[in-house]
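The values are calculated or read from the model by the stated rules, or taken from the named source; none is laboratory data. Fair warning: this is a prediction, and the values are worked out from it, not measured in the lab. Cβ placement follows ideal geometry from the backbone for every residue including glycine, while neighbour counts extend to all protein chains displayed.
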Amino acid sequence: MISIGIIEDIDEIRDSLKEFFFLQNEILCEIAANSVESFLQQTKNNTNFNLDLLLLDIELPGISGINGMYLIKERFPNLEIIMLTVYEDSDKIFRSLQAGANGYLIKTTPFPQIAQAIFDLYKGGSPMSPIIARKVIRFFSPSKAKKSSTKLTPKETEIVQYLVDGQSYLRIAELLGNSVETIRHHIKHIYTKLQVSSKAELISKNYKIGL
């Protein structure tokens with residue numbers, strides 16, 4: 001029996017998932033909460049919870065699913081997490097994976113496929129909706145990585161390293177003797193050249209190919 005939890009703020013979706021899993025022989029839904037805070041409160045003093053897996057939404061009241069993962073993992077370090085969300089943008093995909101998500105499904109996924117994803121993850125897989133898997137594969141494509149790594153100018157490469165180090169636009173401008181607007185202009189061109197749309201993607205690419 002696979003023991004799971006659900007964090008989903010939309011009552012209709014959360015209740016429908018609970019009803020579906022109630023009818024499954026090999027999946028037991030032990031807790032269904034409408035927020036990260038509620039989940040943590042319900043499990044705070046209850047030692048009976050021994051969850052294997054959590055279905056976690058991203059956009060939640062209070063703490064987001066992505067930020068909440070860090071808190072949840074502190075309490076359940078071995079817990080597997082599948083993001084179940086409406087978001088398909090690369091930024092949230094990679095932020096979720098970096099925070100520790102083991103799978104990523106779109107909410108339009110039929111319930112039987114969600115159940116199969118749970119089985120797949122329990123057996124060591126990393127289930128993702130097809131559109132998400134394609135984004136990840138394209139992002140880490142070796143041919144694309146090799147091509148993009150030669151495009152940056154020395155100054156652009158320096159700016160990337162400052163961003164990876166966590167420097168603000170203002171601090172980068174001070175270090176390079178430029179205005180903030182000039183740095184923004186450079187970063188816009190860097191994103192275009194590397195075919196990324198966020199700082200999270202940029203950092204991921206840097207770690208992957210070494211810009």
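The table below gives the values:
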| read-out | value |
| --- | --- |
| Positions within segment 86-96 being under 15 Å from Pro127 (Cα atoms) and out of contact with any strand residue (DSSP E or B) (no Cβ under 7 Å at 6 or more places or on another chain), in sequence order | Phe94 |
| Hits in segment 106-126 - residues which are free of Cβ contacts under 8 Å to residues at least 60 places away in the same chain and closer than 24 Å to Phe49 by Cα | Gln116, Ala117, Asp120, Lys123, Gly124, Gly125, Ser126 |
| Segment 12-35: number of residues that are surrounded by fewer than 14 Cβ atoms within 10 Å (Cβ to Cβ) and part of a helix (DSSP H, G or I) | 5 |
| Residues (closer than 21 Å to Pro77 by Cβ and of a type in the set (Asp, Glu)) located in segment 25-56 | Glu30, Glu37, Asp52 |
| Test: residue in segment 63-75 that is in contact (Cβ under 8 Å) with a residue 40 or more places away in the chain, in contact with a strand residue (DSSP E or B) (Cβ under 6 Å, 6 or more places away or on another chain), surrounded by 14 or more Cβ atoms within 10 Å (Cβ to Cβ) and within 19 Å of Ser198 (Cβ to Cβ) | yes |
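Every residue, every condition in (1) over 23 Å from the mean Cα position of the chain (by Cα); (2) not charged (D, E, K, R), yes or no:
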| residue | (1), (2) |
| --- | --- |
| Glu8 | no, no |
| Phe39 | no, yes |
| Asn50 | yes, yes |
| Leu71 | no, yes |
| Glu88 | no, no |
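Residue-by-condition table, conditions (1) surrounded by fewer than 18 Cβ atoms within 10 Å (Cβ to Cβ); (2) modelled with pLDDT of 80 or more:
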| position | (1), (2) |
| --- | --- |
| Ala117 | no, yes |
| Ser129 | no, yes |
| Lys151 | yes, no |
| Leu170 | yes, yes |
| Leu176 | yes, yes |
| Thr182 | yes, yes |
| Lys188 | yes, yes |
| Ala200 | no, no |
| Tyr207 | yes, no |
